[in-house]
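Participant: Structure in structure tokens, see below.
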Amino acid sequence: MVTILKPEEFYVSSEADIVNDVSMTEMEDEIMEDEQMGLVDGEDVLEEFDKSIHQNLVTPGQLVTDDPQFMRGHGTYFEDGGIYASVAGSVQRVNKLISVKPLRSKYVPEIGDLIIGKIAEVQPKRWKVDIGAKQNAVLMLSSINLPGGIQRRKLETDELQMRSFFQEGDLLVAEVQQYFSDGSVSIHTRSLKYGKLRNGVFLKVPPALVVRSKSHAYALAGGVDIILSVNGYVWVSKHNENQHSSVSITRLEEEASESIYSNENDEIDGYTRLNISRVSICIKGLASRSLPLTQASITNFYESSLVFSNLQDLTVPKNMDQIAMEAMQ
Amino acid sequence: MSDRKRVYGPSVSVPPYFEEPEQPVFTRTRDVDRCRKIYLKLGWATKAVGSSYFESEKIKIACTVSGPRPSKTFAFRSSAKLNCEFRLSPFSTSVRQGHVQTVEEKSYSQMIEAAISPSILLHLYPKSSIDVYIQVIESDGALATLAAAISCASSAIADANIDCIDLVTGSSVLFNPNTDEYWIDPDYVDERARAAKGSVVMGYMASLGHVTQVWERGTCSPSRLSFLTEKCIKNAKDTRLVINHALLLEKSKSEDP
């Protein structure tokens, strides 16, 4: 077991009056009955609070363990023979490795991750792509498919018309190709599975909620496709019949038409639009309740939401809670 | 010929009489050792990576943190650059301010940056920049506002989950160099009305017991400064209780589902 020590001396009772966030917990409600507007004495708050919170939550600078057998992981630092937390979050232990996992953290890229990004900048022979990480990703001109699927070296003429492929603000789906020590990554779209995104809605969820799996692109009922990227960016779009998951390099020229870099959306009928909206609301509902986003959870939530034919009724928090309860059973 | 468009005053007029402004009344009801009550709310700004709202009676400060994000400059940096921007709202002080950042605000920005940068593990974020925006909605004494801004900025950084060795809490004390009088967490009336020409503002990391920055003004003996520093440290520890409580409450709330 992890030796989580008693917090340092600054936790001792204090003369200072403390006002805290009027919270949802029962513990605080009991305190509020006695004290006006949440004005409570420091000692009382901490005694009550320490009983109620999870024991494995730590704040920056708090000693996690001074046991020398443990190794420090992410979210910790080593000082004076002890492992201290460097972020606020929950202590996690895998064998002898101790780490502190913050609830909301920036996406840390790994090679092979499917990610959705937004073009932030066009530079010579490369695009800078915002993928929600510490650094923008780099998409090299040599790492994309040319329209028509032509296999050749990229020339100066291609460099001059880079904005005809991707321009600032465009959304794309890609794969992480290389990871550099400074936190930046190189991505590529050298497959017909990847490329510019059209005919859909963009959503942003905490990356921690997206469960890494074999596939991150799913086709749901009602003619809706979703791409749950590992970096927490989600794309909900109209189902594409002509989506080729894998094409041999000899047939690439036939399959990769000029339309892969088109900015024009296809015609989307009303029924599909409603389904796209419904799936978007379902994903937002799952994310707002800190529930994991998987194909199964989204499908369950979607099916449970069909009780409400009017999408406005679906957005009511009480109804959302009811659906979440049903979907998670 | 008289000007028809001009409105002439009465032929007999008396200059207006203004009452003498009342001298400021000492409103301090708390002990000299006691700081003001604090309210802290984290994560109020959904678009920002981290945010905090700090309220201490009349002092109201909102802070947001952006980053770590790619640095705008092309020069390579082995560690992140911390940028602080401290701004007073035009209506925050008794004398209305302009919108343009003043020299005083810029110096406060540098002071806050100096106070909180030792706590952040900047080397973990190469080629990046971390931007801290502090907006004072209402101010009640320059010293206490600066101390509150330090605490608010540090709690916003913790909310942004940026790696730091500890949280920095600010503390301020006003003292009279000629007597043994001192006032912890002085408000505007204390600063204006008391015969005090000395002050100490401090940034303190309560968990590690490190002082990040001290600004002292006025004549003060080493023993007196040591005593005042101890008072500041005690006050900073009390503030740290609030930040810890708010942080853990935020995390436990989020973990419940």
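Participant: I need the semi-axes of the equivalent ellipsoid of segment A:76-215: take the C-alpha gyration tensor, multiply each eigenvalue by 5, square-root it, list largest first in whole angstrom. Before the final figure, lay out each step's value.
Facilitator: Values: eigenvalues 252, 52, 36 Å².
Square roots of five times the eigenvalues give 35, 16, 13 Å.
Participant: With each label point set 7 Å from Cα along the Cα-Cβ vector, what nm distance links A:Gln123 and A:Lys214?
Facilitator: Placing both labels 7 Å beyond Cα along the Cβ direction yields 3.8 nm.
Participant: Taking springs between alpha-carbon atoms closer than 10 angstrom, which of B:Thr169, B:Thr64, B:Thr102 fluctuates most in the Gaussian network model of chain B?
Facilitator: B:Thr102
Participant: Sticking with this one: Roughly how many debye, to the nearest 20, is the charge dipole of segment A:98-224 about its Cα centre, given +1 on each Lys and Arg Cβ, -1 on each Asp and Glu Cβ, and no other charges?
Facilitator: Around 240 debye, computed over segment A:98-224.
Participant: Work out the charge dipole of segment B:39-255 with +1 on the Cβ of Lys and Arg and -1 on the Cβ of Asp and Glu about the Cα centre, then indicate which of B:Val242, B:Ser128, B:Trp44 is farthest towards its positive end.
Facilitator: B:Ser128
Participant: Once you put a point 7 Å from the Cα of A:Glu267 and another 7 Å from the Cα of B:Asn178, both along the Cβ direction, what distance in nm separates them?
Facilitator: 9.0
Participant: If N is the number of residues in segment B:39-255, what value comes out of its Cα radius of gyration divided by 2.2 N^0.38 Å?
Facilitator: The value comes to 1.01.
Participant: Can you give the convex hull volume of the alpha carbon atoms of segment A:65-122 per residue, in Å³?
Facilitator: On the way: hull volume 8.0 nm³, N = 58.
Taking only Cα atoms, segment A:65-122 has a hull volume of 138 Å³ per residue.
Participant: Now, a different point. Taking Rh as the Kirkwood radius computed over C-alpha pairs, what is the Stokes-Einstein D of segment A:259-329 at 37 °C in a medium of viscosity 0.692 mPa s, expressed in µm² per second?
Facilitator: Numbers: Rh = 13.1 Å.
Once the numbers are plugged in, D ends up at 251 µm²/s.
Participant: To the nearest 10 degrees, how steep is helix B:103-116 against the longest Cα principal axis of chain B, on a 0 to 90 scale?
Facilitator: 20
Participant: Now for a separate question. All other residues with a Cβ under 12 Å from the Cβ of A:Glu168 taken together, and with Lys, Arg as +1 and Asp, Glu as -1, what is their net charge?
Facilitator: Charge balance in the 12 Å sphere: 0.
Participant: Only sites in a loop by DSSP and with at most 13 other Cβ atoms within 10 Å count here; which trypsin sites (Lys or Arg not before Pro) in segment B:36-127 make the cut? Don't skip to the answer; put the middle values down first.
Facilitator: Details: sites: B:Arg36, B:Lys37, B:Lys41, B:Lys47, B:Lys58, B:Lys60, B:Lys72, B:Arg77, B:Lys81, B:Arg87, B:Arg96, B:Lys106, B:Lys127; in loops: B:Arg36, B:Lys37, B:Lys47, B:Lys58, B:Lys72, B:Arg77, B:Arg96, B:Lys127.
In loop regions of segment B:36-127 (DSSP not H, G, I, E or B), the sparsely surrounded trypsin sites (Lys or Arg not before Pro) are B:Lys47, B:Lys72, B:Arg96.
Participant: Tell me the angle of helix B:142-159 to the major Cα principal axis of chain B, expressed in degrees between 0 and 90 and rounded to the nearest ten.
Facilitator: 30
Participant: May I pose another question? How far is helix B:222-255 tilted off the main Cα axis of chain B, in degrees rounded to 10, range 0 to 90?
Facilitator: 70
Participant: At 222 nm, what value in deg cm²/dmol follows for chain B if DSSP H runs of at least 4 each add -39500 (n - 2.57) and the sum is divided by all its residues, to the nearest 500?
Facilitator: Working: 4 runs with 72 residues, N = 257.
Mean residue ellipticity at 222 nm (helix-derived): -9500 deg cm²/dmol.
Participant: For labels at A:Gln178 and A:Ala221 in the simple 7 Å Cα→Cβ model, what's the distance in nm?
Facilitator: Roughly 4.6 nm, to one decimal.
Participant: Kirkwood Rh, segment A:114-328, all Cα pairs: how many Å?
Facilitator: Working: mean 1/r = 0.0544 Å⁻¹.
Result for segment A:114-328, one decimal place: 18.4 Å.
A short reminder: the numbers here are calculations on the coordinates, not readings from a lab. Since the structure is predicted, the reported quantities are computational estimates derived from the model, not experimental observations. In this analysis, Cβ positions are derived from the backbone assuming ideal geometry, glycine residues included, and neighbour counts consider all displayed protein chains.
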